[in-house]
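The values are calculated or read from the model by the stated rules, or taken from the named source; none is laboratory data. Quantities reported herein were computed from a predicted structural model and do not represent experimental measurements. We place every Cβ from the backbone using ideal geometry, glycine too, and count neighbours over all the protein chains shown.
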Amino acid sequence: MMRDQIKLAIEQATAAAQAAGQLPAFDLPAVEILRPKQADHGDYSTNVAMLAAAALRKAGHAGNPRAISQIIADHVPADGPIGRVEIAGPGFINIFLAERWLQQQVNHIVRAGDDFGNINLGNGARWQVEYVSANPTGPIHYGGARNGALGDALANVLEAAGYVVQREFYVNDAGNQFSIFAATLYARYAQLFGHDEPIPEDGYAGEYMVGYAQMLADQHGDRFLHMAKADAVAELKPLSEEIVLAALQAELGKLGIQYDRWFREQSLYDNGLVHEILEKLRAQGDIAERDGAVWFLASKYSQVDKDVVVIRSNGMPTYFASDIAYHYDKFVVRGFDRVINVWGVDHQGHVSRMAAIMQALGLDPARLTIVLHGLVKLIRDGQEVKLSKRRGNLITLGEVVDEVGADAVRFNLLTRGPESAIEFDLNLAAQASWDNPVCYVQYSHARICSMVIKAKQEGVALHSELDHSALLTHPAEIAVIRKLLELEEQIEWAVEKLSPHNLTHYGTDLAKTFNGFYRDCRVVDPLDPALSAARLQLCEAARLGLAKTLRLLGIAAPTSM
């Protein structure tokens, strides 16, 4: 990345000053390269002189930061990407990229194509991102859209940063809730045939259950009514799971989400892994029996205050029992280097327990990261839209996508960091105007596509065998190039923070910068084919940057709107 090249140049300049005897020998702390908030302070800035002065004082030498900054600056080569350096304030070194180097980056971007912006942080490390993972007991309510958009975009960003990523949905099909779901489905199925079969007291009252029951009736007729209820419910469980998973796949597909694997919790019991791992923990003293239940001694590890029940007094395992085996499967059986679980903030209390699991399994807790996201408040006409899954007035993820579109859902739910709550304004999201930020970015991409078509009609080619980039001297042109070159750092930031929300703001800024160029510079001028070719090449670079940013967010880059 450009920032790394600047860092290396500063380190080499400092070493050169020491070799020349202008600075004493000392251990230079890690050099920080930052982007100044004000454009007139350069493309990058470093406080290396202040760090050097502190190191010199520690070694018993005197040192004035501003004087040190000048010495280091004198050894920074003013060629290649670096055009000039300036000393500012108490000793900051401000670095300005060379205009000719910036101009040349346009062709580099175009040649990179869809790979533009990719970096190699991961070096092929295997990461898994598990997200959504809702109970297979009905449609996903709209709050799950944030989990899905966040996890999916994060997986995209990790791939662009050089990681090998697996996307996974964990199907909680072994717990009590799924048994209740199957019993509810049986009741709705029996009711379709005129039977007075009550819904279980804690069952699912949503109307979607009638739709599921109708699917069963259409496929199997009334055959489940000719057997004992218990046998019918048992036989319905796998069939109902198929129905719900197909519905979930279709619903998440509306949001553009596709998984590499749907991992069933029940498989951990079928293959004996839950029993195996609990016995392993028992042998190492991490399992105890008291009050008629079986406990995992989480309080031995991390900062967990309470132990956790893994087998209830009635002999039924808790979700935590399968969680232990599931994460053993992730790290030990399948060998992922790191796992990211995307959870709602209401699961915050489980985070420390997961760290205890990792320690008990002999794994580094840092290899498991739980990304918690805040809740989503749905707003329509200035009022919050209430919902209750159990009361039956469920607003689903699919319904919200149908109302405002997948792109608007994803963009709006990715505009803030995971820890922040979001108010999702349906009225704004549905607007097909420049006031809607996702439309603004998409319109900018479509504008470039239309511009290329117009240029061909006027006889101006997008690509030329000659390099006309030296003609890109207008401040608006240079601003577009500078903004495009931020993409690598934006991807790196998203990986470091495990949040892609910065890319929504970057995409908007890039669109604004491009539209400023479009306003100030005539792109297609048949009387100046060389400049037109250069500006069309710049437009193509901007299109690639916009398309890549949208693609990372999981959003379409339309060619017309």
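Some observations on this one:
- For region 149-178, a residue qualifies if it is outside any helix (DSSP H, G or I) and either within 18 Å of Leu372 (Cα to Cα) or touching a Cys at 6+ places or on another chain (Cβ under 9 Å) (or both), and the qualifying residues are Arg167, Glu168, Phe169, Tyr170.
- Selection of region 40-90 for residues being hydrophobic (A, V, I, L, M, F, W, C) and over 41 Å from the mean Cα position of the chain (by Cα) yields Leu56, Ala59, Ala62, Ala67, Ile68, Ile71.
- Val106, sole failed condition from (1) over 16 Å from Arg3 (Cα atoms); (2) surrounded by fewer than 23 Cβ atoms within 10 Å (Cβ to Cβ); (3) not polar (S, T, N, Q): (2)
- Filter result (outside any helix (DSSP H, G or I) and touching a Ser or Thr at 6+ places or on another chain (Cβ under 9 Å)) within region 417-443: Gly417, Pro418, Glu419, Ile422
- Answer residue from region 307-329, given it is small (Gly, Ala, Ser) and assigned to a loop (DSSP other than H, G, I, E, B) and is nearest to Glu168 (Cα to Cα) among those: Gly315
- All of (1) crowded, with 19+ Cβ neighbours inside 10 Å; (2) modelled with pLDDT under 95 hold for Gly349 with one exception: (1).
- For Tyr163, the conditions (1) crowded, with 21+ Cβ neighbours inside 10 Å; (2) touching a Leu at 6+ places or on another chain (Cβ under 7 Å) are fulfilled apart from (2).
- Residues being out of contact with any helix residue (DSSP H, G or I) (no Cβ under 9 Å at 6 or more places or on another chain) and closer than 13 Å to Ile481 by Cα - total across region 517-546: 0
- Residue within region 448-458 that is more than 16 Å from Ala511 (Cβ to Cβ), touching a helix residue (DSSP H, G or I) at 6+ places or on another chain (Cβ under 9 Å) and surrounded by 15 or more Cβ atoms within 10 Å (Cβ to Cβ) present: yes
- Taking region 56-74 as the range and being small (Gly, Ala, Ser) and buried (at least 17 other Cβ atoms within 10 Å of the Cβ) as the test, the residues that pass are Gly63, Ser69, Ala73.
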